[in-house]
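What follows is one structure encoded as structure tokens, with my remarks underneath.
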Amino acid sequence: MSHSCRLLCGFLMSCIGWTGIIIATSTNDWVVTCKYGMHTCRKMDELETKGLWTECVISTALYHCISLNQILDIPAYIQTSRALMVSASLLGLPALALVLLAMPCVKLSQETEDTKHRRAVLGGLLILFISLCGMVSTVWFPIGVLHEDGLMSFGFSLYAGWVGSALCFFGSSMMICCSRGDSPTQNPENHYYYSKHSGVAHSGPPINSHAKSAHV
């Protein structure tokens, strides 16, 4: 796989993963809790969902949500998950912009391949940080809910965060490890030597003219 294909695959994976993290951050179907047992609550049609921003009660005749606005009363795992997911969502745009500018098809004025490589590595490191934020949030949040509310099942938002974090991790790893282009092999025959008689450069090994000049 060439350098351009590796960088493009990493960019596409990171872009899809970042979209999944944004979906997980903006939706509230992270976990489904139940006070009486999941099977009993499904029969009674009384389920509760919890996310980063609201807690909702879902039933056939009732759909009521409570916003989690009281910062001092919110548990630490929710506050930390909020901060990490919002940071990951905001950092995605500059990270993907750096990777996009590092593409071989994008040419800026008077830049070298080393500059493109450093830009790709920096964007990959930011995306790696995004994936770590998503992983910590999507793992810590259900553990905190399990200790606080007991029984639960995972929601759509949590799966979106897991998939998005995994895609960002693999995409950033591909960009960091494989962003350096394949260095061309040097041919020892393609060297140039300066000739005193003609004043021009000739390819190939230098001609030994000492033997000829000795007979003149």
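The values are calculated or read from the model by the stated rules, or taken from the named source; none is laboratory data. Predicted, not measured: the structure shown is a model, and the values here were computed from it. Here the Cβ is made from the backbone with ideal geometry for all residues, glycine too, and neighbour counts use every protein chain on show. Remember, those area values only see protein heavy atoms, side chains included, never the ligands or the DNA or RNA. Shrake-Rupley method; radii C 1.70, N 1.55, O 1.52, S 1.80 Å.
Once you order the gyration tensor axes a ≥ b ≥ c over the Cα atoms, which shape class does the stretch 121-165 get: rounded for a/c under 1.5, otherwise prolate or oblate by comparing a/b with b/c? Mind dumping the intermediate values first?
Values: a/c = 6.46, a/b = 2.44, b/c = 2.65.
In terms of gyration-tensor shape, oblate.
Taking the 1.4 Å solvent-accessible surface of the stretch 55-176 as the whole, the part contributed by carbon and sulfur is 71%. Using the Cβ-Cβ distance between THR80 and LEU12 with R0 = 25 Å, the FRET efficiency computed as 1/(1 + (r/R0)^6) comes to roughly 0.25.
Fully extending the segment from ILE58 to SER173, taken as 0.36 nm per residue of separation minus the present Cα-Cα distance, adds 37.4 nm. Summing +1 for each Lys or Arg and -1 for each Asp or Glu among the other residues whose beta-carbon sits under 13 angstrom from that of THR54 gives -1.
The protection proxy used here, the mean number of other Cβ atoms lying within 10 Å of each residue, ranks peptides 63-76, 19-32, 98-111 as follows, highest first: 19-32, 98-111, 63-76. Computed from the C-alpha gyration tensor, the three semi-axes of the ellipsoid equivalent to the stretch 97-171 are 38, 10, 7 Å, from longest to shortest.
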